[in-house]
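Worksheet: the structure to be examined is printed underneath.
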Amino acid sequence: MSYVYAVARLRGMENHLLDSAFFSRLMDSATIDDAVKALGETSYSQWISQTGTANFDKAIDSEILATCEELKSFVPDKELLDIFRLPYDFHNVKVLLKGLFKVRGGETEGRRYDLLSKLGTIDTEELTNAIETEEYGFLPYGLTDLIPQCWQLWDATKNAQAVELLIDHQMFKAMLEVAEGLKMPDVIQWVRYKIDAENLRGAIRLSRMKYDAAKALPFFHEGGTIRPDDMAKLLNEPQETWSRILSYTDIGAVLNALNEQSDMKASLTDVSKALDDYLLKVLENAKYSMDAPANVLLFLLSKEAEARNMRVALVCVAGGLDRDFGRRLLK
Amino acid sequence: MEMLGLSLALFGAALAAALAGIGSAIGIGVAGGAAAGVMTEDPNKFGSCLILQALPGTQGIYGLLIAFFVLNKLGLLGGAGAVALTWNQGLQIFASCLPIAVVGWYSAIWQGKTSAASIQMISKKPEAMGKAIILPAMVETYAVLALLTSILMLMGVQVG
């Protein structure tokens with residue numbers, strides 16, 4: 001399938017993406033009403049006028065959802081969009097299961113439907129019904145088998161973190177399967193790098209908790225370019241040496257950059273930011289191709305980053321938080 | 001055997017028009033896809049997109065030109081009837097048509113791809129229209145060289 005039309009249209013849509021200068025200006029707004037006024041000429045204004053300023057979170061989700069729907073109308077392979085939306089499905093599964101765990105534990109207010117995201121590929125009502133009525137048969141991405149496994153694990157351990165890990169393992173497995181089904185090397189590579197990035201984020205977190213390397217293996221996901229075994233072994237080494245150990249991988253360069261900035265002790269937010277930037281850079285080669293399908297993913301990630309920046313800016317303005325801190329969080 | 005020369009020459013003319021025409025159609029199609037994508041977001045870019053989309057169309061014209069040249073040489077255009085050709089002369093005319101047929105076909109497709117990339121470029125940077133035209137025009141050079149080769153070869157073939 002040709003992506004010439006789709007990529008050209010995305011190039012046009014890229015012109016409407018909001019840049020960092022805009023967000024910087026947005027952060028200078030004195031009140032949330034001023035910020036909403038500043039959004040007047042952006043595509044977000046239509047959603048904010050529907051949801052009201054207090055619910056800007058929903059407005060931002062609506063904007064991403066509308067973008068996904070628009071892309072669905074012209075992108076030849078819908079599965080490319082699924083790769084982007086699939087994590088939201090798994091997020092919803094986590095929210096629903098955790099809610100039910102609490103309800104079964106006796107908490108009447110356990111369910112948190114407000115945390116469900118509409119960005120997933122599975123309709124939230126259908127997913128809720130499926131999980132609450134235990135009819136998982138129609139669920140995609142291996143959820144049919146995964147959810148009963150989660151219940152078994154919960155019944156055996158009452159450990160919500162272990163259940164989350166199990167869900168994440170399946171999420172990355174499903175992402176890789178969808179990417180491999182598309183037979184697009186750039187996209188497969190990106191998913192594998194994403195798994196590496198997630199594993200590395202986990203490794204840094206575990207290392208800071210001084211977690212025992214021998215017990216760390218279950219925390220790492222299969223499918224990346226770096227084996228989970230090797231990731232777990234990193235925990236035996238000082239963090240400063242990780243970039244050298246991982247120098248044979250592309251992601252080693254991210255650690256190298258953090259090392260050069262003497263920033264290995266940086267907050268996890270900064271590390272996450274560096275890894276997210278890396279995942280965007282991985283796809284940036286697609287910019288030089290007039291018909292690379294990876295451009296679709298690149299656009300969606302850029303839009304997601306824009307939405308994240310919007311959220312950071314509006315939260316800062318609405319909550320009267322420190323603007324400099326907010327600017328640091330911008331991507 | 002006496003019609004073989006004429007058949008070969010006509011086959012060459014048909015190839016020149018057909019292959020170069022097919023290449024142009026594909027090239028214009030590719031560039032058209034990109035133009036449609038850009039114009040969906042910004043209809044004001046129609047003028048710039050049209051110029052870039054039209055660039056791969058020239059190979060089809062070159063092919064047609066060579067086909068006319070051959071038909072004229074064979075005496076098929078004036079109504080005076082076809083000249084007598086040996087199979088050797090027919091083969092020479094056939095060979096003369098090959099440069100524009102093959103190069104026209106292939107270069108039009110690649111020019112279409114370059115035009116599509118240029119269309120995407122002007123979507124982001126409309127002020128770079130001049131540069132955007134030059135890039136696909138570079139591909140045109142080789143189509144022009146092939147046209148010249150075909151013309152010179154045809155002029156060298158003695159018939160009648």
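Taking the stretch A:284-325 as the range and being free of Cβ contacts under 8 Å to residues at least 12 places away in the same chain and either in contact with a Cys (Cβ under 7 Å, 6 or more places away or on another chain) or farther than 30 Å from B:G112 by Cα (or both) as the test, the residues that pass are A:V315, A:G319, A:G320, A:L321, A:D322, A:D324, A:F325. Among the residues of the stretch A:95-115, the one identified as open to solvent by 40 Å² or more (accessible area, probe 1.4 Å) and in contact (Cβ under 8 Å) with a residue 60 or more places away in the chain is A:K98. Quick check on the stretch B:75-94. Is at least one of its residues assigned to a helix (DSSP H, G or I), open to solvent by 30 Å² or more (accessible area, probe 1.4 Å), without any contact (Cβ under 8 Å) to a residue 60 or more places away in the chain and out of contact with any strand residue (DSSP E or B) (no Cβ under 6 Å at 6 or more places or on another chain)? No.
The number of residues in the stretch A:1-45 being open to solvent by less than 20 Å² (accessible area, probe 1.4 Å) and within 14 Å of chain B (Cβ to nearest Cβ) comes to 9. Name the residue, out of B:A36, B:A25, B:A67, B:A14, that is in a helix (DSSP H, G or I) and either within 14 Å of chain A (Cβ to nearest Cβ) or touching a strand residue (DSSP E or B) at 6+ places or on another chain (Cβ under 8 Å) (or both). Only one candidate qualifies: B:A36.
Scanning the stretch A:1-17 finds no residues that are in contact with a Ser or Thr (Cβ under 6 Å, 6 or more places away or on another chain) and more than 30 Å from B:Q53 (Cβ to Cβ). Restricted to the stretch A:214-237, and to residues there that are open to solvent by 70 Å² or more (accessible area, probe 1.4 Å) and in a loop (DSSP other than H, G, I, E, B), the residue that is modelled with the highest pLDDT is A:E222. Would you confirm whether or not the stretch A:126-145 contains a residue that is surrounded by fewer than 19 Cβ atoms within 10 Å (Cβ to Cβ) and of a type in the set (A, V, I, L, M, F, W, C)? So far as the stretch A:126-145 goes, yes, one or more of its residues are surrounded by fewer than 19 Cβ atoms within 10 Å (Cβ to Cβ) and of a type in the set (A, V, I, L, M, F, W, C).
The values are calculated or read from the model by the stated rules, or taken from the named source; none is laboratory data. These figures come from a predicted structure and were not determined experimentally. In this analysis, Cβ positions are derived from the backbone assuming ideal geometry, glycine residues included, and neighbour counts consider all displayed protein chains. The accessibility values were calculated without ligands, DNA or RNA, using every heavy atom of the protein model including side chains. Shrake-Rupley method; radii C 1.70, N 1.55, O 1.52, S 1.80 Å.
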